[in-house]
Amino acid sequence: MGGFNVFVWGMVGLVCFFPMLNHFNGGVMAFHKISLHLQHRSAAKVEDDYRTGYHFQPPKHWINDPNAPMFYKGFYHLFYQYNPKGSVWGNIVWAHSVSEDLINWTPLDPAIEPSKPFDQFGCWSGSATILPGEKPVILYTGIIAKEPEPGYQVQNYAIPKDYNDPYLKKWIKPDDNPIIKPTKENVSAFRDPTTAWKLNGQWEITVGSKQDTTGMSYLYRSPDFIKWTLVDHPLHQKEDTGMWECPDFYPVATTGKDGLDTMVVEGDIKHVFKVSLDITRNEYYTIGKYDTKEDKYIPDEGMIDGWAGLRYDWGNFYASKSFYDPAKKRRILWGWSNESSTEHESVKKGWAGIQCIPRSVWLDPSGKQLLQWPVEELETLRDKNVQISNTELKQGDKVQVEGITPAQADVDVVFTLPGLDKAEVYDTNWDKTFPPESIARNICQVKGTTEQGGLGPFGLLTLTSKHFEEYTPVFFRVFNTPDTKHKVLMCSDEMPSTLNKHEYKPSFGGFVDVDLADNKISLRSLIDHSVVESFAAGGKTVITSRVYPTKALDDDNAHLYVFNNGTTTITVEKLDAWSMKKPKMN
Ligand code: DQQ
């Protein structure tokens, strides 16, 4: 066993031996890193190197959570947590942009800023509800005191100054705020109100919280959206998951791709409940039933409700929020992708954070997971197209995809496998050795891109430098398991992505629940300078990686390949790659 492997297995042992330490971050509250001395530091010039071409970002400074996405009078509204003074978290206001197509964005003035006693130390995340008569209202978390850390939290509301303004430029924060105060135990862990729904004639919302180490989503009821009462039981809770941030609760149709308004609580539907886990800064969701008699959410039998649960995205994706788009009858999901680089780098480059491409989200026909796909409007940015078809890739082969802009591209590929019998055997020890929530990620890390398997690794080498010193591979490995069912692993590996030793370079991974009956598997990657967002098997498994190449930096120096390092020859049935145009971006 080589030195590298010894190191990896040593790390694995450490992580598994202390699973609680792993989850609970040594008992330290996670939240956003607070660096007071950097919060007001604005770079003289914004560095372009890692700025994205078609992902959402403002011209400069720090962004985090998407807030209150909604469609109103022909415009999509995206609010987001923003530091107007610097490139690290702090001084948070609700920045605001509008779009007619979710792709081209016009910036407006911040919609909500600290100014009143009920939000003077911060305007944190929240959601929009469209009340009857087409009247939007925003619920958000206000910080009324700095202590106890990370702040004393209440829930406020804001309403548009002029309902006739489709841009919703000005928002009023009425003086009867706050409309919800915390109970004594949770003053600093009580945030991120959801979009409301109606049950038995009353409005209901849920708010993220915890009690000791039990993650919790409180339920509140109101006859008029102003007077709210705490319901005697939470909508949902789960022991040992710590603080729940940004809960999201919404219905999905049991068949078809159409989305449903959050107001739909009964019928041929399931409900999705998602939370962002503050301790590890990742999210999980379950699919289940909203029991409207008990007013409780109950995950379906077999759903994993906790760290090892389903994820929207196995990479750098957090604080997500969904909304119903009545214009196209779909549910859209937005997630924040933080920098994985250092604060020092963020301050130097003058900006930090992007929003992922908005995704349509609907229930997989199995009922066991969601499917996600970039909104169709993204395709309007597709420019020059190149194709590869029916091309065999033997062990060690890589074929360059030439003729497009490799650092700003959309690639969609279908691989055909000759059969599954050559797949390597899945080592069941992995299930015992690795923490359940990171088995896939650990296998990706241990095996990397080059270790040969029977079927795979095969996939894409994105953002590759001329002499392969740097590349971000996105790929599959297929395993045979003792019960004769195969397992498909998807990896997005940042380890070889940059020569910069100081960057955090995780090897992200997730399993893909796909039956491979037709011996085919697809992969779509959205490559955009410092982000690679990849969708396997039509959106069953998704991974977002943030990367900082030093050589494979721009369209002249980056290259794109399709590759196979497995012993079995596979076929690129069809590959389409497009250069992506730059939209109007704030
Ligand atoms: N970010 C907000 C909070 C939320 C956290 C503060 C999640 O409301 O819990 O900027 O990233």
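Can you confirm whether region 305-312 contains a residue that is in a strand (DSSP E or B) and either open to solvent by less than 20 Å² (accessible area, probe 1.4 Å) or under 27 Å from Pro374 (Cβ atoms) (or both)? Among the residues of region 305-312, at least one is in a strand (DSSP E or B) and either open to solvent by less than 20 Å² (accessible area, probe 1.4 Å) or under 27 Å from Pro374 (Cβ atoms) (or both), which makes the answer yes.
Quick check on my filter: what residues within region 348-366 are open to solvent by less than 20 Å² (accessible area, probe 1.4 Å), away from the ligand (no atom under 16 Å from the Cβ) and more than 19 Å from Thr254 (Cβ to Cβ)? Within region 348-366, Lys349, Gly350, Trp351, Ile357, Pro358, Arg359 meet the criteria. There is no residue in region 111-120 that is touching a Gly at 6+ places or on another chain (Cβ under 7 Å), away from the ligand (no atom under 16 Å from the Cβ) and touching a residue at least 40 places away in the same chain (Cβ under 8 Å). State all residues of region 248-284 that are in a strand (DSSP E or B), within 16 Å of the ligand (Cβ to nearest atom) and either surrounded by 22 or more Cβ atoms within 10 Å (Cβ to Cβ) or outside the structural domain of Gly306 (by TED's automatic domain parsing) (or both); if no residue qualifies, say none. Once the filter is applied, which keeps residues that are in a strand (DSSP E or B), within 16 Å of the ligand (Cβ to nearest atom) and either surrounded by 22 or more Cβ atoms within 10 Å (Cβ to Cβ) or outside the structural domain of Gly306 (by TED's automatic domain parsing) (or both), region 248-284 yields Asp248, Phe249, Lys274, Val275, Ser276, Leu277, Glu283, Tyr284. Restricting attention to region 315-337, the residues being surrounded by fewer than 22 Cβ atoms within 10 Å (Cβ to Cβ) and assigned to a loop (DSSP other than H, G, I, E, B) number 4.
Those residues that are of a type in the set (Val, Ile, Thr) and crowded, with 24+ Cβ neighbours inside 10 Å, I need them from region 504-530; list them, please. Passing the criteria: Ile521, Ile527.
Within the span defined as region 125-145, every residue fails to be in a loop (DSSP other than H, G, I, E, B), open to solvent by 10 Å² or more (accessible area, probe 1.4 Å) and within 10 Å of the ligand (Cβ to nearest atom).
Quickly run through region 535-567 and pick out the residues that are touching a residue at least 60 places away in the same chain (Cβ under 8 Å) and open to solvent by 20 Å² or more (accessible area, probe 1.4 Å). Selection gives Gly538, Lys540, Thr550, Lys551, Leu553, Asp554, Asp555, Asn557, His559, Tyr561, Asn565, Thr567.
When you look at Thr292, is it under 24 Å from Ile63 (Cβ atoms), surrounded by fewer than 16 Cβ atoms within 10 Å (Cβ to Cβ) and either modelled with pLDDT of 95 or more or not hydroxyl-bearing (Ser, Thr, Tyr) (or both), yes or no?
On the way: under 24 Å from Ile63 (Cβ atoms): no; surrounded by fewer than 16 Cβ atoms within 10 Å (Cβ to Cβ): yes; either modelled with pLDDT of 95 or more or not hydroxyl-bearing (Ser, Thr, Tyr) (or both): yes.
For Thr292, the condition - under 24 Å from Ile63 (Cβ atoms), surrounded by fewer than 16 Cβ atoms within 10 Å (Cβ to Cβ) and either modelled with pLDDT of 95 or more or not hydroxyl-bearing (Ser, Thr, Tyr) (or both) - is not met.
Sort through Tyr548, Tyr504 and tell me the only one that's modelled with pLDDT under 95 and part of a loop (DSSP other than H, G, I, E, B).
Working: Tyr548 fails: modelled with pLDDT under 95.
Exactly one residue qualifies, and that residue is Tyr504.
Being in contact (Cβ under 8 Å) with a residue 24 or more places away in the chain and within 16 Å of the ligand (Cβ to nearest atom): is that true of Met243 here? I'd like the intermediate steps shown before the answer.
Values: in contact (Cβ under 8 Å) with a residue 24 or more places away in the chain: yes; within 16 Å of the ligand (Cβ to nearest atom): yes.
Yes: the conditions hold for Met243.
Counting only strands (runs of 3 or more DSSP E) that fall entirely inside region 26-105 and contain at least 1 residues that are more than 16 Å from the ligand (Cβ to nearest atom) and free of Cβ contacts under 8 Å to residues at least 60 places away in the same chain, the qualifying elements are 93-99. Of all the criteria given as (1) small (Gly, Ala, Ser); (2) farther than 30 Å from Lys384 by Cα; (3) open to solvent by less than 10 Å² (accessible area, probe 1.4 Å), the one not satisfied by Ser438 is (3).
Would you be able to tell me the number of residues in region 358-415 that are of a type in the set (Phe, Trp, Tyr) and either outside any strand (DSSP E or B) or over 19 Å from Gly256 (Cα atoms) (or both)?
Here is the first cut: in region 358-415, the ones of a type in the set (Phe, Trp, Tyr) are 362, 373, 415.
Restricting the remaining residues to those that are either outside any strand (DSSP E or B) or over 19 Å from Gly256 (Cα atoms) (or both) gives 415.
Qualifying residue count, region 358-415: 1.
For every residue, the table says whether it meets (1) under 24 Å from Ala319 (Cα atoms); (2) within 13 Å of the ligand (Cβ to nearest atom); (3) outside the structural domain of Pro107 (by TED's automatic domain parsing); (4) surrounded by fewer than 20 Cβ atoms within 10 Å (Cβ to Cβ).
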site: Pro166; (1), (2), (3), (4): no, no, no, yes
site: Ile205; (1), (2), (3), (4): yes, no, no, no
site: Gln211; (1), (2), (3), (4): yes, no, no, yes
site: Lys227; (1), (2), (3), (4): no, no, no, yes
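For region 416-435, taking the residues that are part of a helix (DSSP H, G or I) and either touching an Asp or Glu at 6+ places or on another chain (Cβ under 8 Å) or among the charged types (D, E, K, R) (or both), the one that is least open to solvent (accessible area, probe 1.4 Å) is identified as Asp431.
The numbered conditions (1) assigned to a loop (DSSP other than H, G, I, E, B); (2) crowded, with 19+ Cβ neighbours inside 10 Å are all true for Val154 except (1).
The values are calculated or read from the model by the stated rules, or taken from the named source; none is laboratory data. Since the structure is predicted, the reported quantities are computational estimates derived from the model, not experimental observations. No Cβ is skipped: glycine too gets one built from the backbone with ideal geometry, and neighbour counts run over all protein chains shown. Ligands, DNA and RNA are stripped out before the accessible areas are found, and what is left, the full protein with its side chains, is counted by its heavy atoms. Shrake-Rupley method; radii C 1.70, N 1.55, O 1.52, S 1.80 Å.
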